Amino acid sequence: MDPWRQDGVHDECGVFGVFGRGEDVARTTYFGLFALQHRGQESAGIAVADDATVRVHKEMGLVTQVFDERRLKRFRPCHIAIGHTRYSTMGSAVVRNAQPILLTAPAGQIAVAHNGNLVNTQALRDKMTNEGTQFDTTNDSEVIARILAECWTGSIEDAIRTMMGRVSGAYSLVVLTKDRLIAVRDPHGIRPLSLGRIGPSAYAVASETCALNVTGAQFVRDIEPGEMVTIDDKGVVESQVVPTARHATCIFEFIYFARPDSRIFDRTLHQARRRMGQELAREHPAPGAQIVMPIPDSAIPAALGYAEAARLPYSEGVVKNRYIQRTFIQPDQRMRELGAKLKYTPLRDVLDGRRVVMVDDSIVRGNTTGKLVRMLFEAGAKEVHVRISSPPVKYPCYYGIDMADQDELVAHRHSVEDIRRMIGATSLGYLSLERVVRGIGMHKNSFCRACFDGKYPIDIPEHVRISKMMLEDVCEPSPEGGDPIDDLPALPA
């Protein structure tokens with residue numbers, strides 16, 4: 001785990017793909033991944049195809065650290081590309097687990113990038129191992145890639161249909177062969193995936209619409225749960241492979257994960273979060289408060305909405321250092337203890353002598369929130385009323401978000417009043433689930449909300465509840481980081 005990010009809800013992964021002859025698809029994918037960087041900062045990779053071969057480059061680090069002008073130029077000429085930026089939700093943060101995964105199948109080379117998390121990985125992997133399959137990584141994405149590679153003897157679309165009939169869990173995929181790009185979404189639609197168009201004949205797919213905007217693609221539509229979209233020289237072919245199950249898009253995409261300029265269900269995240277803030281002010285007013293301030297950046301829209309509904313001044317109360325999270329120099333114990341002070345600097349002239357409403361998007365373990373509250377009091381705040389634009393997080397996520405084990409979730413073990421005392425706030429209020437979905441403007445059954453109510457749309461096997469590192473003992477350990485994977489021959493299926 002990143003030493004600066006030991007509390008809170010952690011990011012997941014982002015995927016991007018583009019098909020277009022005459023387009024600089026590697027560069028387009030680079031900028032698409034750059035727009036999706038908030039979804040994962042551990043590793044990045046791009047695979048490209050040129051009608052004959054598939055090549056990949058991936059390594060640990062941010063998109064801008066993994067790719068430069070020289071690297072992108074070496075990807076030319078090609079007309080298909082997929083990319084991935086990763087935060088590990090299964091398997092450790094080492095280069096062997098970076099994506100896209102490149103394999104050689106009986107019918108050719110295939111590359112796969114995956115956002116989400118399977119819940120039947122162990123059963124599938126055990127069966128395939130017993131049948132002679134050898135695995136090279138410790139993540140669930142390789143299970144998907146190897147099923148596709150082993151089943152792809154004729155039509156890649158038939159192989160994808162077979163794979164979708166075997167796997168269970170959350171998956172938004174981009175799949176690349178030498179002549180086509182394929183996008184796939186699981187039957188519940190847990191992770192987002194969108195289709196865009198670039199000019200008259202090029203297409204892009206992305207985890208979020210913000211990546212389409214950056215690359216000049218015009219949003220076409222969301223890819224539907226259970227759907228497969230194939231893009232090649234003949235155009236776009238859409239196929240509903242698996243009937244749509246109960247729609248269960250992750251509600252945390254609306255609360256925290258997706259960028260505020262992205263759209264899901266034809267709703268901008270900024271407006272949805274702003275309405276959540278307005279609902280929060282109505283549900284949990286703070287009598288006597290003088291200013292409303294956000295914890296940047298994700299809580300800014302909710303704080304704006306709270307200030308509007310409460311008719312209070314909105315102000316920045318802390319300044320965020322946006323670069324500290326990705327230092328490659330490990331902090332010592334004293335630096336870890338400083339924690340929030342290294343990441344946030346309070347604005348004393350704003351806070352001194354004031355009764356403050358501090359708006360944030362969630363409390364997970366509670367450690368960071370307590371440090372922030374103490375920081376505001378040390379900067380002179382008379383009162384600190386903490387307002388959270390989501391319900392208490394009581395249950396872990398098994399569908400592609402790393403938010404701690406259940407015993408580590410403070411709301412699972414303590415009441416709201418207990419948490420208020422622990423973090424030292426003057427008052428504490430969480431937005432109820434009913435008001436979250438009211439702010440979004442949709443029925444709660446459109447979402448996976450299991451982290452709040454424990455109602456998982458896909459059954460979770462007991463062994464999956466234990467650890468995201470459950471596959472680590474099947475491979476020899478490798479050093480953290482490691483050499484980049486750079487245009488190596490594809491692994492055999």
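The values are calculated or read from the model by the stated rules, or taken from the named source; none is laboratory data. These numbers were taken from a predicted model, which means no experiment stands behind them. Every residue, glycine among them, receives a Cβ derived from its backbone with ideal geometry; neighbour counts consider all protein chains shown.
Counting just the residues of region 359-398 that are in contact with a Pro (Cβ under 8 Å, 6 or more places away or on another chain) and crowded, with 19+ Cβ neighbours inside 10 Å, which one comes out nearest to Arg465 (Cα to Cα)? Within region 359-398, the match that is nearest to Arg465 (Cα to Cα) is Ile363. Within region 212-245, the set of residues being in contact with a Pro (Cβ under 8 Å, 6 or more places away or on another chain) and at pLDDT 95 or above comprises Asp222, Pro225, Gly226.
Can you spot a residue in region 139-147 that is small (Gly, Ala, Ser), in contact (Cβ under 8 Å) with a residue 12 or more places away in the chain, farther than 24 Å from Pro457 by Cβ and touching a Leu at 6+ places or on another chain (Cβ under 6 Å)? Checked against the condition, which is being small (Gly, Ala, Ser), in contact (Cβ under 8 Å) with a residue 12 or more places away in the chain, farther than 24 Å from Pro457 by Cβ and touching a Leu at 6+ places or on another chain (Cβ under 6 Å), region 139-147 yields at least one hit. Does region 431-442 contain any residue that is at pLDDT 90 or above, assigned to a loop (DSSP other than H, G, I, E, B), of a type in the set (Gly, Ala, Ser) and more than 30 Å from Glu42 (Cβ to Cβ)? For region 431-442, residues at pLDDT 90 or above, assigned to a loop (DSSP other than H, G, I, E, B), of a type in the set (Gly, Ala, Ser) and more than 30 Å from Glu42 (Cβ to Cβ): present. In region 88-102, the count of residues that are more than 22 Å from Val242 (Cβ to Cβ), touching a helix residue (DSSP H, G or I) at 6+ places or on another chain (Cβ under 9 Å) and surrounded by fewer than 22 Cβ atoms within 10 Å (Cβ to Cβ) is one or more.
One residue stands out among those in region 17-41 that are out of contact with any strand residue (DSSP E or B) (no Cβ under 8 Å at 6 or more places or on another chain) and aromatic (Phe, Trp, Tyr): the one that is surrounded by the most Cβ atoms within 10 Å (Cβ to Cβ), which is Phe34. Looking at this structure, is Lys127 surrounded by fewer than 18 Cβ atoms within 10 Å (Cβ to Cβ), of a type in the set (Lys, Arg) and closer than 27 Å to Pro187 by Cβ? Against the criterion (surrounded by fewer than 18 Cβ atoms within 10 Å (Cβ to Cβ), of a type in the set (Lys, Arg) and closer than 27 Å to Pro187 by Cβ), Lys127 qualifies. A single member of Arg55, Arg21, Arg5, Arg27 is in a loop (DSSP other than H, G, I, E, B) and at pLDDT 95 or above, and it is Arg21.
When each of Thr327, Thr368 is tested for being under 22 Å from the mean Cα position of the chain (by Cα), of a type in the set (S, T, N, Q) and modelled with pLDDT of 85 or more, the lone residue that passes is Thr368.
For Lys343, the criteria (1) more than 22 Å from Glu383 (Cβ to Cβ); (2) modelled with pLDDT under 95; (3) buried (at least 18 other Cβ atoms within 10 Å of the Cβ); (4) out of contact with any strand residue (DSSP E or B) (no Cβ under 7 Å at 6 or more places or on another chain) hold in every case but one, which is (4). The criterion of at least 1 residues that are small (Gly, Ala, Ser) is met, among strands (runs of 3 or more DSSP E) falling completely within region 147-245, by 169-176, 181-185, 194-198, 202-206, 235-240.
Scoring Glu383 on the criteria (1) among the acidic types (Asp, Glu); (2) touching a strand residue (DSSP E or B) at 6+ places or on another chain (Cβ under 6 Å); (3) at pLDDT below 90 leaves a single failure, condition (3).
Arg96 passes every criterion in (1) farther than 24 Å from Asp459 by Cα; (2) modelled with pLDDT of 95 or more apart from (2). Note on region 42-68: residues that are among the acidic types (Asp, Glu) and either touching a helix residue (DSSP H, G or I) at 6+ places or on another chain (Cβ under 9 Å) or crowded, with 22+ Cβ neighbours inside 10 Å (or both) total 2.
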